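This report concerns only the one structure given below.
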Amino acid sequence: MISQHITEKRASPQILVENKITFAGPDSELSIYDTYEQAERVQLKSDQLLFCAMVSGKKVMHSNFDQFNSEFLPHESFIMAPKSVVEIDFPTAQLAKPTTCLAIEISTERINQVAQSLNEKLPLNSAFGHWHYENKLVHTHHNSHTQDLLNRIVQIYGENHQDRSAMIALAVSELTIRLLRHQTRDFMLSYCHQQPDSNGLTAVVDYIMQHLGENMCTDQLARIACMSRTKFFFEFKVHFGCSPIAFQQQLRLKKAANLIKQGKQITQTCFELGFSNASHFSRCFKQCYGLTPRAYKVRHAVN
């Protein structure tokens, strides 16, 4: 668990608001921030990209540049663009229950290297442009794979291992790839919705989005894409990082989370989105969001 590794590295606080412990790595830096009392409009800025992950408590993030005001909760990521500034409120911080966040600063050079590598090895369809980092704020949830990666990063930074630098570089590259995939996927989803007839992939993605509650198979989707099964499966994984069926599942869960936030009944949401039973839905939801649907509903009803 991330919190366990942080506890092992946490020293006695020197200050009560954004007490900071820092570990250096190649082209990157890990900082652990603890806040022990309520505060408002605390400024945070970074010259490089800053990948923040909430561990405990709650922050409210404000960005004038992006006109952004939102709560930042555990199992979520908040990525600041280089040379950007945010202001943070800490409404729940206490001495016995600090608000804790980890922040990984990644150099622009490192991000560009990873993007270049993706463009060389996994080029995108020309309709989608190329792999690159878009210079803007990102706020999203972690899936279990990202959570495991962050846990591993905290552990590696604190180790005195002979291969520490190499392992940090690999882990930070993986984190960067996940960020690039997230941004590129958002763009591709928007493009597929607006231009579904552009190519075979856009037609398939638009079809999946329009039929989230229906069971599908790869052969069916390959016919829509006008590709052989093998070519379609390969092209889909290059662009979206998973199989078409896993992709549909991810979109189902994202829509489910939005509906639950809006107050829709969990059981009704489950069956509307094509899940066969509530237990299976709950397991999938927790793996994706770190909370059961009921706990997720309670969190957002309270907050």
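Of all positions in the range 166-175, at least one carries a residue that is in contact (Cβ under 8 Å) with a residue 24 or more places away in the chain, within 23 Å of Pro244 (Cα to Cα), in contact with a Leu (Cβ under 9 Å, 6 or more places away or on another chain) and surrounded by 17 or more Cβ atoms within 10 Å (Cβ to Cβ). Among residues of the range 97-143 being hydrophobic (A, V, I, L, M, F, W, C) and part of a loop (DSSP other than H, G, I, E, B), the one that is farthest from Pro26 (Cα to Cα) is Leu124.
Kindly establish whether Thr202 is closer than 24 Å to Thr184 by Cβ and touching a Pro at 6+ places or on another chain (Cβ under 7 Å).
Numbers: closer than 24 Å to Thr184 by Cβ: yes; touching a Pro at 6+ places or on another chain (Cβ under 7 Å): yes.
Against the criterion (closer than 24 Å to Thr184 by Cβ and touching a Pro at 6+ places or on another chain (Cβ under 7 Å)), Thr202 qualifies.
For Asp186, the criteria (1) in the same structural domain as Phe78 (by TED's automatic domain parsing); (2) among the acidic types (Asp, Glu); (3) more than 24 Å from Ser117 (Cβ to Cβ) hold in every case but one, which is (3). Any chance the range 190-198 includes a residue that's of a type in the set (Gly, Ala, Ser), part of a helix (DSSP H, G or I) and surrounded by fewer than 19 Cβ atoms within 10 Å (Cβ to Cβ)? Yes, that holds for at least one residue.
Matching residues to (1) outside the structural domain of Pro26 (by TED's automatic domain parsing); (2) among the basic types (Lys, Arg):
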site: Gln162; (1), (2): no, no
site: Arg178; (1), (2): no, yes
site: Gln210; (1), (2): yes, no
site: Phe240; (1), (2): yes, no
site: Lys254; (1), (2): yes, yes
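Would you say Leu50 is in contact (Cβ under 8 Å) with a residue 40 or more places away in the chain and either in contact with a helix residue (DSSP H, G or I) (Cβ under 8 Å, 6 or more places away or on another chain) or outside any strand (DSSP E or B) (or both)? For Leu50, the condition - in contact (Cβ under 8 Å) with a residue 40 or more places away in the chain and either in contact with a helix residue (DSSP H, G or I) (Cβ under 8 Å, 6 or more places away or on another chain) or outside any strand (DSSP E or B) (or both) - is not met. Looking for something buried (at least 17 other Cβ atoms within 10 Å of the Cβ), in a helix (DSSP H, G or I) and touching a Lys or Arg at 6+ places or on another chain (Cβ under 8 Å) - is there at least one such residue anywhere in the range 241-249? Checking the range 241-249: not a single residue is buried (at least 17 other Cβ atoms within 10 Å of the Cβ), in a helix (DSSP H, G or I) and touching a Lys or Arg at 6+ places or on another chain (Cβ under 8 Å).
Is it the case, given these coordinates, that Phe78 is surrounded by 21 or more Cβ atoms within 10 Å (Cβ to Cβ), in contact (Cβ under 8 Å) with a residue 40 or more places away in the chain, under 24 Å from Cys242 (Cβ atoms) and outside the structural domain of Ala246 (by TED's automatic domain parsing)? For Phe78, the condition - surrounded by 21 or more Cβ atoms within 10 Å (Cβ to Cβ), in contact (Cβ under 8 Å) with a residue 40 or more places away in the chain, under 24 Å from Cys242 (Cβ atoms) and outside the structural domain of Ala246 (by TED's automatic domain parsing) - is met. Looking at the range 258-303, which of the residues that are within 24 Å of Pro91 (Cα to Cα) and touching a residue at least 60 places away in the same chain (Cβ under 8 Å) is surrounded by the fewest Cβ atoms within 10 Å (Cβ to Cβ)? Step by step, filter the range 258-303, then rank; the result is Asn303. Listed by first and then second residue, the pairs linking a residue in the range 58-74 that is surrounded by 14 or more Cβ atoms within 10 Å (Cβ to Cβ) and of a type in the set (Phe, Trp, Tyr) to a residue that is assigned to a strand (DSSP E or B) and modelled with pLDDT of 90 or more, with Cβ atoms under 6 Å apart and 6 or more places separating them unless they lie on different chains, are Phe72/Met54; Phe72/Lys59; Phe72/Met61; Phe72/Phe78. Evaluated against (1) closer than 30 Å to Tyr36 by Cβ; (2) among the aliphatic types (A, V, I, L, M); (3) surrounded by fewer than 18 Cβ atoms within 10 Å (Cβ to Cβ), Ile153 falls short on exactly one condition, (3). If the condition is being part of a loop (DSSP other than H, G, I, E, B) and either among the charged types (D, E, K, R) or under 18 Å from Ser190 (Cα atoms) (or both), then the range 213-240 contributes only Glu214.
The values are calculated or read from the model by the stated rules, or taken from the named source; none is laboratory data. It should be emphasised that the depicted structure is a prediction, and the values quoted were computed from it without experimental measurement. All Cβ positions, glycine included, derive from the backbone under ideal geometry; neighbour counts span all protein chains shown.
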